[in-house]
Each structure stands twice: as C-alpha cells, then as structure tokens.
1. Kindly provide the set of residues from the range 293-328 that are among the hydrophobic types (A, V, I, L, M, F, W, C) and modelled with pLDDT of 95 or more, ordered by number.
2. N573 passes all but one of (1) open to solvent by 20 Å² or more (accessible area, probe 1.4 Å); (2) at positive phi; which number fails?
3. Among the numbered criteria (1) within 24 Å of the chain's Cα centre (by Cα); (2) of a type outside the set (S, T, Y); (3) at pLDDT below 90; (4) over 25 Å from T13 (Cβ atoms), which one does V662 miss?
4. Give the number of residues within the range 630-650 that are open to solvent by less than 20 Å² (accessible area, probe 1.4 Å) and touching a residue at least 60 places away in the same chain (Cβ under 8 Å).
5. Give me the residue from the range 606-619 that is within 22 Å of P522 (Cβ to Cβ) and not hydroxyl-bearing (S, T, Y) and, out of that set, farthest from the chain's Cα centre (by Cα).
6. Could you list, in sequence order, the residues of the range 115-141 that are surrounded by fewer than 16 Cβ atoms within 10 Å (Cβ to Cβ) and charged (D, E, K, R)?
7. Does T46 fit the bill of being β-branched (V, I, T), open to solvent by less than 30 Å² (accessible area, probe 1.4 Å) and modelled with pLDDT under 75?
8. One residue is enough: does the range 311-319 have a residue meeting the conditions in contact (Cβ under 8 Å) with a residue 40 or more places away in the chain and of a type in the set (V, I, T)?
Amino acid sequence: MATFSNRQLSILTQLVNHPQYVSSEELSLVTGFSPKTIRKDIQEMTEILEESYGIRVQSKKGIGYSLPALSYDQMEKLIPIFDNAYSAMIPYSSNELRIHYIIQRLIASDEVIRINDLAEELYISRFTVTEDLKMVRHLLHNYNLRLQRQSNAGLIVAGLERHKRSCILNEYGIFQLMRNTIYDCSSYKELVYLDPASYHYIRQKIQEIFKENNKYTISMKGVEKVVLAVIVMINRKKKGYDVDYSQDHEERYAMQSTFSYLVSKRILTVIGAHLKILFSENDFIFCAVIQLGFRNFLSYDEVYVKSFFDEGFRMAQLIVDTLVERTQIVEFSRDRLLKERLAMHLIPALIRIKHNLINDYIPGYITHKKYTLSTEFAVMACEVIRKKLQINYISPNEINYMAFVFYSALCRIKPDNNKDCRFAIVSVIGRDVATVLAEGVLKRFDQFARLIVPFAQYQIDLIHDDDFDYVITDLPREAFNHLNIPILEANFALGFDNDRLIAQHYHNLFFKVVTLKTFFNPELFFIDPSSVNAEQALHFMAAQIQQVLGVKKDLSKDLLRRERACTIERSNNLAFMITQDFYMPKSFFAVSIFEHPMMWFRESVQILMIFSPGQQSRRDILQLNREFEHFINDPEAIVKILQEPTYDNFVQTMETVILSLV
C-alpha cells in the first residue's frame, strides 16, 4: 500500500480538521509549506486516497480543497496512518523514542550494557548517549529505579522487581509505536511476547473468569493490560525474577482483602496448571494490583473493599475543596455526583499513581484538545494528589483520563442564560399580530420572557427603561433614542422568524463576548520572531508579560511546570494553558503568534494563548467554558487569524465565532 510523506501527512491532518473548503494559501499558513508544494502534494495524495482508501479529495477552483464526510471504516483505515506517522517523524525531530529505546534495552537486559554498545546500535555518538542517559535516569526515578554504573563494565537498572515490571508494562505502548524502525528493541520484545497458542489461551481464560461475576467490570483495554501483565510475569519468572511483598505488610494486606485478589488467584491458578508454571502468593498480589488499577467503578455496590472507597472519597473531598477555594466555583461543593464519580474514579487511579502504572488507552486529543477547561481542572486535581501523596510525578495520561469527570461536572453548571425578561413589542402591522408572532419565538426559550406588552406606534413614549429589558420592533432605531435598553430589530411582515437573534440574547452571547474582551489587551498581543521550540516560546511569553505588567514572580517556571504536567499543544495549530498561580488582581489573556509553525511535542503550533485568572476574580475561569472552547477549536478561525495576525482581527474573529454558535 502506498504511503504518505511526513509533509503530506501534515497537510492531510489539516484537511481532516477543516470541515469546509480550505485553500492552498490557507494551508500554507498553518503548515509552513509553499502553496505550490501543497497543491502538488494534494494531487499525489488524491490518487493514493482514492485507490487505497476510497476517499477522494474534493477541489473547487478558486476556493480550495476538502475531504468528504468519512465513514467509520474509512476513519479506521486512516487512524493507523497518523499513528505510524509519529514513528517516521519523531526520531528525526526529537530524541523521545531514542530515550525509550535505551530504557527498554536496559530494563530487558540481565547483564550490564556499555555506553559504546548503545552508541553503535543507534548510530550516534557516545556524547549523545551520555546526554540521553540524563533523561533516562530521570524517567527511571519515577519508577523508584536507579541506573547504576559499574566500573569498567557498563550500566544496569537496579531496583525492586515489581517496579521493573511496572516500567516494562508502561513501555509497551511506546514499543508498539517503534516497531519496524531503528528503535525496535528485540530484547524487550522477548519480555512481552509468547507463542500464539499460549497467548490466545491466556486471553480467553482471563475473559471467561472476568465474566463469571457480573459486578466485576473491567474494560477490554483493561483486559489487555492484565493479559500483558501475565505474559511479562511468565517471561520474567523464566529468567528467575520474582516479585516480593514480604517487607510491605500494609500493601500485602490491602491487596489480599480485595475481590481483585480472589480473581487474580483464580486466573493464575488456571493458567499455571495449563502452562505448568507455579505462581506464588506474591504473583497473585501483583496481578491483583494490575487488575484493580485498570478497573472502572460506577457505583458503590461494585466496590468490594469499602475502605478503598473511603480513601477515594476523602481525596475527592480534598480536591473539590481545593478547587472551590482556587476558582470560587461553589457549584462544585454542592455537586454530589461530582464527588461520587471522582471518588469512584480515584479508586483505580490511586492504585495506578502509587504503582506507576500508565493508563495509555485514553487518547489525549479527546480531552486536552477538545475539552480545554476540563483538562485544566484535572491538572489542578492531580497537583492536589501529588502533594498529598508526596510524590514527584503523575503521568499526563492520568490527567487526560480524569478530565472526563470534570467535563460532566462543568456541563451540569447551569449556563448563565437570560431569564424573566420584560419585552415591549412595537410594530407597524398592529399589536395583535405582532404579539402572537413575538410570543411564538420567545416562548421557545425556557423562562426567557416573563412579560410581553404590545404598544401602538404612537405609544412609544410610554416605554421606559425601568419597565422593560428589551424592545422588539420593526420601526427605525431612531424612534427609540430615549431608551438605553437593547433594541432588537425584527421584520414582522415576514413572520418574525428570527430565532438566531433571540437565541443570542437568551444565551447571553453578547455579554459573554464583552466579558471575554475585557481579558484581552493589545499590549499583551505579541509576534514571536525567533522561538523554535516550546520551551523558548514559553520563556518569550513569560518575559513579555512580566515586562508589560510589571510582574515580579517568575512566570516562566509556572508555564514550564504546567507544560510538563500535560502538554498544551492542540491539533488546531494552537497551544493553550492556564497559569497555576495568580499574578494580577484582574484576569488577563496573553497571545503570541509565531512567525513560522513549530513542532510542539507532536503537533504543529503557531499560536500560543495563556489565561491567568485574577486574584480578585477567580471565577472568571468559567468564561472559558463552552463558547470559548468552540472558538479555539475552530480551524477556520485559526486560519483567519493567521492570515491577518493583528490584535483587532484576533478579537473580531473570536466575537464572530461565538455569536455564530446559535
């Protein structure tokens, strides 16, 4: 099957993101390639897409290109293309995969490995390997593992076997990404693979045993984690490595009292008898940890050990109290469902966090690329957990997963709609017809109109600001110069079917736009001419903000800490973040536009937006919900901003997008 170049994949990503036609000039803005090159690549891609995937790129002369609505089967075929693209792109744009290769190589080895051997395997210098080992040591430290150097010999990973197994399990997703590249680690593969017959038997038996109890629920992705854990356990036992919980009495007792332990014992007993392997009590406990870490709970009845729920609920209460204090969103403290779901979520989450298990089957783009505000609350929640448990690191995947809990909670906060409003109706067609037509529209919006009073043309002087909130009329606006209330222009002769006009006022969109505009300042709108990576861009933004606002605190540390917690890049050429600290009494936005797109983790980014809540207006963070999220997820809006990267165009584009949502 024909493949795409990295440049073509970048262009294809933009076509997938844009729901409407997009020109080669607009694609040039967000990809950095010339329009001529883009047109040539699209011509080549059209042939490949049509022949191999049944997808035809639509083109209109003078307008641009568009992909048709894709079926589920077509999307299923395209997803591996983008997944595999990282295998090709990242080794040459980042040392990320090289570092993971070194980790896999070291964790799978029974003997010391020389730095020179690693350099030869990777076709890089000894100096480069030495630099990479600094990050390797840091990542291994997250598992309580150490990279030991033995004099005149080489390197070896030291630490408890259970911690090594956690590292092996977590590396599996990266290993899959690196298959068939120069970073395909054969020694690691020996730890995670069995012969097909044994694999299918293990998988089948685990599923059968899980089905025996209806209350024991675990997702299919969770089942795959348990299968992988059993395979790793078998391969490590063959090499003579066993886990040991004899010194950790509290952990041992806690796990032995769980239903996951009973299920684990049954699974390993059945599998052990078939494969002629003797599993120990410590193996039962390790398998129980994996099972419990990847379970999901929706009700109190599903929790076998109630003390686990109590621990989760106490942590949930601490998180909610902290968030309410930080954001002044008191609705969280009254949201019983939030506390319950957060407590249920935390039962397996705390197991994963304590045992350094990564939940890597929740795609980050579902949350931090779509539900921006939910992700920011998850970042705050995980910071509470980190401090409470006194640990150094929580996986960004945990943040992405927890964001779903806050997404539903934010949806339950009632929107700030206009209600109980008083309307004056004035029309040239007469009071009776005008009243009926106006009621037909106004009554479609729940509790919007409390009072509707019709007036004849000659009675305009009877309308006063204190008596009404709106005037709906088909008369010239000049006739109402004596009023300070909104005048809604309507054409009653055409039936006054203007739902959009009324909806904009019902949903308070004009007020929301005005509020958002108060956060922006032309002095905090920058063009970044020189940054080439995320760290430089954040340093540039921090320096500019501190200079303009006279901020004394080190803002760059705040921004870098937030970026490390969970990457802020998006698939929409935009990176967005909220500061962790307060810097000014009032909330503010800062915007930076890069002269050229840059790779930010795994996406192309050209706009950086930072929101800092005010010390005296912490609840302003709610203004970033719903309508604002639509704006920063609108690819056409981003292209329009890049076409004219000015402050006025940015604010005007935001206003246009938000007002068009109804």
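The values are calculated or read from the model by the stated rules, or taken from the named source; none is laboratory data. All figures in this text were calculated on a predicted structure; none of them were measured in a lab. Positions of Cβ are backbone-derived with ideal geometry, glycine not excepted, and every protein chain shown enters the neighbour counts. These accessible areas exclude ligands, DNA and RNA; they are computed on the full protein's heavy atoms, side chains included. Shrake-Rupley method; radii C 1.70, N 1.55, O 1.52, S 1.80 Å.
1. Taking the range 293-328 and keeping what is among the hydrophobic types (A, V, I, L, M, F, W, C), we get 294, 297-298, 303, 305, 308-309, 313, 315-316, 318-320, 323-324.
M315, A316, L318, I319, V320, L323, V324 - these are the residues of the range 293-328 that are among the hydrophobic types (A, V, I, L, M, F, W, C) and modelled with pLDDT of 95 or more.
2. (1)
3. (1)
4. 6
5. To start, the set of residues in the range 606-619 that are within 22 Å of P522 (Cβ to Cβ) comprises 606-614, 617.
Add one more test, that the residue is not hydroxyl-bearing (S, T, Y), and what stays is 606-611, 613-614.
On the way: Q606: 18, I607: 17, L608: 16, M609: 16, I610: 16, F611: 17, P613: 20, G614: 24 Å.
In this case the residue turns out to be G614.
6. Listed by number, the residues that qualify are D117, E120, R126, E131, K134, R137.
7. Values: β-branched (V, I, T): yes; open to solvent by less than 30 Å² (accessible area, probe 1.4 Å): yes; modelled with pLDDT under 75: no.
Against the criterion (β-branched (V, I, T), open to solvent by less than 30 Å² (accessible area, probe 1.4 Å) and modelled with pLDDT under 75), T46 does not qualify.
8. The first filter runs over the range 311-319 and keeps only residues in contact (Cβ under 8 Å) with a residue 40 or more places away in the chain, leaving 315, 318-319.
Narrowing the set further to residues that are of a type in the set (V, I, T) leaves 319.
Taking every residue of the range 311-319 in turn, at least one turns out to be in contact (Cβ under 8 Å) with a residue 40 or more places away in the chain and of a type in the set (V, I, T).
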